[in-house]
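Take a look at the structure below.
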Amino acid sequence: MGIDTGRTRLRIAITLGDPNGIGPEIVLKCLADTRLVKFFDPLVVGSAAVLEAHAQAMDLPLPSLLVVERVPDLWPEGQLVLLNVDAASSPKVQFGKVTPEGGRLAMKAVEQAVRLCLEGQADALVTAPISKEAIALAGYTDPGHTEFIARLTKSVRFTMMMVADGLRIGLVTGHMPLGEVPKHVTQAAILEKVEILHQSLVQDFGIDRPKIAVLGLNPHAGDGGVLGREETEILLPAIAAACRQGYLVFGPFPADSFFGIGAYRRYDAVLAMYHDQGLVPFKTLAFESGVNYTAGLPIVRTSPDHGTAYNIAGQGKASPESMRSALYLAWDIARRRKERLAASFTTAAS
């Protein structure tokens, strides 16, 4: 499932995201970089009409695309392929507008791309930004990409991991209201996320004995119980249990100073308790080049670390750097997984 070992070149599926945001723009800017096709075959999944509308509105180069309704059996060498989604009813692009039609198209493309990965027709998936409000208007109950893709792949053990070079931040809780966080920070949840992070660091990043730092939930990591009991009653026992299982886990550390003093550089990954605790420092340190990676899935999935940026949609101002980083990280992880899979086949046969 996920990676076809028979193909010599990796194939990366790229969804266009919300048609009214900057997703199609940053995809176009990435596709203009001819270095990409030296490493893998891009497979764009989305609406050809939307991509053309963005190119025309911002005077961006539109690459020569082979527009298809299904992935071709024989991949055309040197040709960019676009799998046209919902061609008959593709919505008109309305830059900066939240629309149910835009949310529906974005999620249909993701659904198609996930299917391609599960069937082995694509080796990894890179998703351009969607709008959570737009997909809710379209009737989707998943709070975002991560949960939607996890459901499609029948994954129950996964976590968002933010990646930028040596900085990797995982989350115990993801897209949920802050008031809901404390009841979901349990020993079992922390231990599960440690296990997922460890496995991903070994399998996807090639780190044999990864060291994981755990952040506290409360200010100053509870200050010995004065500012909260979760650290002593939940986090410390979870860390101790992880260590007994052989994982290299440390903490809990006060989140406010951990990044400021550069302590994250001593570890291969950091486990934050909730969304903003991890993403605020991450985006401060690596907004231009950061990547959102979903660890624990049977497929490889990355995305840029920013949203739809409706405020600059259609103006040609969006930076493609995070999207480009997401493409290269997807390729790197898919390549590493393929190599490990091939090595396991060789070992089993010998």
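A quick yes/no check of all residues on (1) over 14 Å from the mean Cα position of the chain (by Cα); (2) assigned to a strand (DSSP E or B); (3) farther than 12 Å from Val163 by Cα; (4) modelled with pLDDT of 95 or more:
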residue: Leu285; (1), (2), (3), (4): yes, no, no, no
residue: Thr302; (1), (2), (3), (4): no, yes, no, yes
residue: His306; (1), (2), (3), (4): no, no, yes, no
residue: Gln315; (1), (2), (3), (4): yes, no, yes, yes
residue: Met323; (1), (2), (3), (4): no, no, yes, yes
residue: Leu329; (1), (2), (3), (4): no, no, no, yes
residue: Arg335; (1), (2), (3), (4): yes, no, yes, no
residue: Arg340; (1), (2), (3), (4): yes, no, yes, no
residue: Phe345; (1), (2), (3), (4): yes, no, yes, no
Residue tally, condition assigned to a helix (DSSP H, G or I) and in contact (Cβ under 8 Å) with a residue 40 or more places away in the chain, over region 60-100: 1
Looking at region 223-254, which of its residues are surrounded by fewer than 19 Cβ atoms within 10 Å (Cβ to Cβ) and among the charged types (D, E, K, R)? Asp223, Arg229, Glu233, Arg244
Residue in region 240-283 that is modelled with the highest pLDDT, counting only those that are part of a loop (DSSP other than H, G, I, E, B) and among the hydrophobic types (A, V, I, L, M, F, W, C): Met273
Residue pairs meeting the criteria (Cβ under 7 Å; at least 6 apart or on separate chains; first assigned by TED's automatic domain parsing to the domain that holds Val194, in region 242-268; second of a type in the set (S, T, N, Q) and outside any strand (DSSP E or B)): Ala255/Gln277
As an exercise: evaluate Ala55 against (1) touching a Leu at 6+ places or on another chain (Cβ under 7 Å); (2) more than 14 Å from Pro19 (Cα to Cα) and give the number of the one condition it does not meet. (2)
Looking for something in a loop (DSSP other than H, G, I, E, B), more than 27 Å from Asp276 (Cα to Cα) and in contact with a helix residue (DSSP H, G or I) (Cβ under 7 Å, 6 or more places away or on another chain) - is there at least one such residue anywhere in region 113-126? yes
In this structure, does Leu80 turn out to be closer than 23 Å to Val300 by Cα, aliphatic (A, V, I, L, M) and assigned by TED's automatic domain parsing to the domain that holds Pro320? yes
Where residues in region 174-203 are under 17 Å from Ser155 (Cα atoms) and of a type in the set (Asp, Glu), which of them is surrounded by the fewest Cβ atoms within 10 Å (Cβ to Cβ)? Glu195
Unmet criterion (only one of (1) crowded, with 16+ Cβ neighbours inside 10 Å; (2) over 24 Å from the mean Cα position of the chain (by Cα); (3) small (Gly, Ala, Ser)) for Gly102: (2)
Test Thr127 against the stated conditions and say whether it is without any contact (Cβ under 8 Å) to a residue 12 or more places away in the chain and over 28 Å from Ala263 (Cα atoms). no
Return the residues of region 280-335 that are of a type in the set (Lys, Arg) and assigned by TED's automatic domain parsing to the domain that holds Asp41; say none if nothing qualifies. Arg301, Lys317, Arg324, Arg335
Could you go through region 45-55 and let me know if any residue there is in the same structural domain as Leu125 (by TED's automatic domain parsing), under 18 Å from Val114 (Cβ atoms), touching a helix residue (DSSP H, G or I) at 6+ places or on another chain (Cβ under 6 Å) and outside any loop (DSSP other than H, G, I, E, B). yes
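The values are calculated or read from the model by the stated rules, or taken from the named source; none is laboratory data. Bear in mind that the values here come from a model prediction, so they are computed numbers and not experimental data. Glycine gets a Cβ as well: all are built from the backbone with ideal geometry, and neighbour counts include every protein chain shown.
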